[in-house]
Amino acid sequence: MQYRKAVTVWQLAKDGNVTRTAVNRKPDRALRRVMDRLLPQPCRFCGASGSEHRTGCCSACRADLPWAVPGCRRCALPLPGGDVCGECLADPPAFTATTVAFRYAWPVDTLVKRLKYEGRLADGALLGSLLAERLIAEGVPAPEWIVPVPLHPARLRQRGFNQAREVARALRRELGPDIAPGMLRRIRRTDSQAGLSAPGRRRNLRGAFQCNAKDTPRYVALVDDVVTTASTIRAAAACLRRAGVARVDVWAVARAA
Ligand SMILES: [Zn+2]
Ligand SMILES: [Zn+2]
């Protein structure tokens with residue numbers, strides 16, 4: 001975990017000696033957020049200056065991004081010429097449709113990792129606004145609320161931020177709907193999903209989410225950074241539907257095949 005950054009603190013003692021200590025301090029995220037928005041951003045992919053895009057992606061890099069290919073209309077799994085994938089046919093998910101901007105490939109994967117593990121929140125803002133462009137281009141209807149997939153509170157403390165919420169902030173800025181305040185919570189820590197079978201992943205996520213909506217909205221967009229196996233969004237969407245939400249769509253930056 002790269003998030004905690006060591007900074008050097010210089011102290012002048014009464015006897016005139018200077019001591020130097022390295023301390024771990026969380027970077028000031030609020031300040032970083034303001035600076036990222038005020039200063040002209042070089043392209044966050046290639047570093048070229050004078051980016052015409054306010055969030056920092058030059059036109060050459062934009063053309064080269066791994067834009068999503070047509071996929072399953074339920075879970076966005078790449079599916080050449082297909083409509084709904086085998087898994088969604090056999091076991092329909094609680095969400096209606098999934099929209100992703102990218103395939104999980106270079107350089108989008110690098111940005112997602114920089115966001116998650118290095119706390120580079122501006123990368124989340126860029127990914128979120130590129131996703132917003134895609135949603136607008138595809139004419140996806142606006143939900144009442146945006147619901148970021150929550151982290152367990154212990155994981156949130158450890159990381160200091162929720163990457164899905166960072167993407168959701170950009171979506172709110174670009175598209176308008178508010179982020180539902182604490183509507184969905186993660187109440188159980190889950191093991192890593194890697195290496196588990198589909199039933200194993202489902203067991204692993206059973207009871208992981210809890211929904212506390214007072215006025216249940218009819219239509220929400222569940223937002224995540226990357227959809228890998230769809231088991232997390234399946235569990236989260238099922239929880240929202242059980243609480244009475246009529247329609248849940250999934251919006252994610254990227255889909256891993
Ligand atoms: Zn570039
Ligand atoms: Zn599918």
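Here are some notes:
- Local electrostatic count at residue 65 - Lys and Arg +1, Asp and Glu -1, tallied over other residues with Cβ under 15 Å: +1
- When the surface is traced with a 1.4 Å probe over the full set of protein chains, residue 229 keeps roughly 40 Å² accessible.
- Annotation: residue 203 carries an accessible surface of approximately 140 Å², with a 1.4 Å probe and no ligand, DNA or RNA atoms counted.
- Heavy-atom surface of the range 61-102, accessible at 1.4 Å and reported per residue (Å²): 47 Å²
- Solvent accessible area, Å² - residue 251, 1.4 Å probe, full protein context: 10 Å²
- Efficiency of FRET between residue 218 and residue 152 - r from beta-carbon atoms, R0 25 angstrom, step 0.05: 0.35
- Shown are 219, 117, whose ranking by accessible area with a 1.4 Å probe and every protein chain present, most to least, is 117, 219.
- Residue separation of residue 257 and residue 46 scaled by 0.36 nm, minus their Cα-Cα distance, works out to 73.4 nm of gained length.
- Neighbourhood charge, 13 Å Cβ-Cβ cut-off, centred on residue 203 and excluding it, Lys, Arg +1 and Asp, Glu -1: +4
- Ranked from largest to smallest solvent-accessible area, with a 1.4 Å probe on the protein heavy atoms, 116, 214 come out as 214, 116.
- Considering only the range 66-255, percent of DSSP beta bridges that pair antiparallel, nearest 5: 20 percent
- Every pair of different Cα atoms in the range 66-255 enters the Kirkwood calculation, which places the hydrodynamic radius at 16.5 Å.
The values are calculated or read from the model by the stated rules, or taken from the named source; none is laboratory data. Keep in mind it's a predicted model, so treat the numbers as computed, not measured. Quick reminder, even Gly has a Cβ in these numbers, built from the backbone with ideal geometry, and neighbours come from all protein chains shown. Calculation scope for accessible area: heavy atoms of the full protein, side chains included, ligands and nucleic acids excluded. Shrake-Rupley method; radii C 1.70, N 1.55, O 1.52, S 1.80 Å.
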